[in-house]
Amino acid sequence: MTKIRPGESPAERPRAAVMEDVAELAGVSAMTVSRVLNAPEKVRPETRERVLAAVRELDYRPNSAARMLVTGRSGVLGVVCFDTTLYGPASTLFGVEQAARDSDYLVSIASLPVLDRRWIGRGVDRLRSQSVDGVIVVAPHESAAEGVRQLPAGLPVVVVGGGGDVPVPVVAVDQGAGAARATRHLLSLGHRTVWHVAGPPNWVDSRGRLAGWRSVLEAEGRVVPDPLVGDWTASSGYELGRRLAADGEVTAVFVANDHMAMGVLRALREAGRRVPEDVSVVGFDDVPEAAYFWPPLTTVRQDFGELGRQAFRLL
């Protein structure tokens with residue numbers, strides 16, 4: 001179709017192609033065009049290719065409202081998410097978007113300023129007004145269960161990272177198992193015990209990692225130091241790392257995420273505590289920058305992209 005030139009009036013602009021234009025160019029009925037776009041397996045290959053060629057030539061864009069009347073689906077999925085400045089939620093969202101794109105779905109995102117019952121409800125209401133086919137809630141937070149419980153019946157919902165009492169299907173990483181492996185690794189290096197820098201207590205991931213760390217120390221009969229609680233940021237890791245660096249008995253630290261681990265590494269270095277010669281440090285997440293920390297960070301890898309793709313498939 002002819003491109004619109006600057007300065008053209010609306011009357012001079014060529015109209016967008018409609019289904020009848022595609023049908024005329026392809027030499028088929030409008031019903032056949034509809035079948036090709038909505039149920040291509042029901043159309044003979046040679047006819048399907050002819051229609052698709054006409055679609056490309058005319059740059060035809062199907063009307064989403066009309067398609068919904070035919071198929072009963074909008075082809076749009078909703079995602080409710082919180083704090084996508086963090087590596088985990090952002091990477092999970094990217095995984096959802098990749099899987100949706102590969103399956104010809106669009107994604108509409110409701111990013112919440114607060115993750116509680118009221119805001120989850122608002123986010124879902126906004127997505128439902130766009131006639132989404134289903135919703136993925138990326139909410140590794142204990143408040144997600146309450147928010148999801150009050151969602152309307154009949155709406156397909158999948159939660160990423162929710163707690164055990166979430167009343168819908170959940171896709172999650174075994175946080176406790178990952179933390180246990182990290183703790184056993186540190187003990188295998190000869191350390192008498194392992195200190196822990198934990199994440200916020202109202203995050204499901206943080207609680208799981210705390211429980212995994214504690215279970216290994218208790219099972220091995222080791223001293224369980226009081227955990228230090230951060231907020232996932234490098235700055236909180238740094239402040240807690242200064243406290244750890246001042247304690248000469250600290251020789252091994254399991255940190256609940258890599259950004260806090262980065263702060264811990266800096267605090268230890270400033271205090272003259274060498275890593276790994278004096279203190280061994282293990283993080284969690286395997287952020288892309290972990291290999292470039294100094295020294296490079298040993299960490300537990302989570303495949304957030306696969307987490308998002310699995311949530312899409314389940315939905």
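The values are calculated or read from the model by the stated rules, or taken from the named source; none is laboratory data. Please read all numbers here as calculations on a predicted model, not as lab measurements. Because the Cβ atoms are built from the backbone with ideal geometry, glycine has one as well, and the counts that use them run over all protein chains shown. These area figures cover heavy atoms from the full protein model, side chains too; ligands, DNA and RNA do not enter into them. Shrake-Rupley method; radii C 1.70, N 1.55, O 1.52, S 1.80 Å.
Just the protein heavy atoms count here, and of the accessible area of region 72-172 at 1.4 Å, carbon and sulfur take up 49 percent. Taking the protein heavy atoms of region 19-62 in the context of the full set of protein chains, the accessible area attributed to carbon and sulfur is 51 percent at 1.4 Å.
The residues of the chain expose on average 52 square angstrom of accessible surface per residue, using a 1.4 Å probe on protein heavy atoms. Taking the DSSP beta bridges with both ends in region 139-290, the antiparallel portion is around 10 percent.
Rolling a 1.4 Å probe over the protein heavy atoms leaves S29 with an accessible area of roughly 60 Å². Looking at (1) 36; (2) 40; (3) 25, which value of percent of Cα pairs over 35 Å apart comes from a calculation on the structure shown? The listed entry that was calculated here is (2). Each of T32, G283, V80 was placed along the dipole of the chain (beta-carbon charges, centred on the mean Cα), and the one lying farthest toward the positive end is T32. Between E239, E270, E142, the residue with the greatest mean-square fluctuation in the GNM of the chain (Cα pairs under 10 Å linked by springs) is E270. Mean-square fluctuations from a GNM of the chain, with a 10 angstrom spring cutoff on Cα atoms, peak among A172, A245, A26 at A26. Tell me, how many Å apart are the Cα centres for region 270-315 and for region 129-150? Centre-to-centre distance over Cα atoms comes out at 28 Å. Between G221, G123, G305, the Gaussian network model of the chain with springs among Cα atoms under 10 angstrom shows the greatest mean-square fluctuation at G221. Out of the trypsin sites (Lys or Arg not before Pro) in region 221-315, which ones are loop residues according to DSSP with at most 12 other C-beta atoms within 10 Å? Sparse-neighbourhood loop trypsin sites (Lys or Arg not before Pro): R274. Charges were assigned to the Cβ only: +1 to each Lys and Arg, -1 to each Asp and Glu. The resulting dipole of the chain about its Cα centre is roughly 480 debye.
Split the accessible area of region 175-301 by element, probe 1.4 Å, and carbon with sulfur accounts for 51%. In the context of the full protein assembly, L314 retains an accessible surface of approximately 90 Å², using a probe radius of 1.4 Å and ignoring ligands and nucleic acids.
What percent does the relative contact order of the chain come to when contacts are Cα pairs within less than 8 Å and at least six residues apart? Mind dumping the intermediate values first?
On the way: 567 pairs, mean separation 45.2, N = 315.
Relative contact order of the chain: 14 percent.
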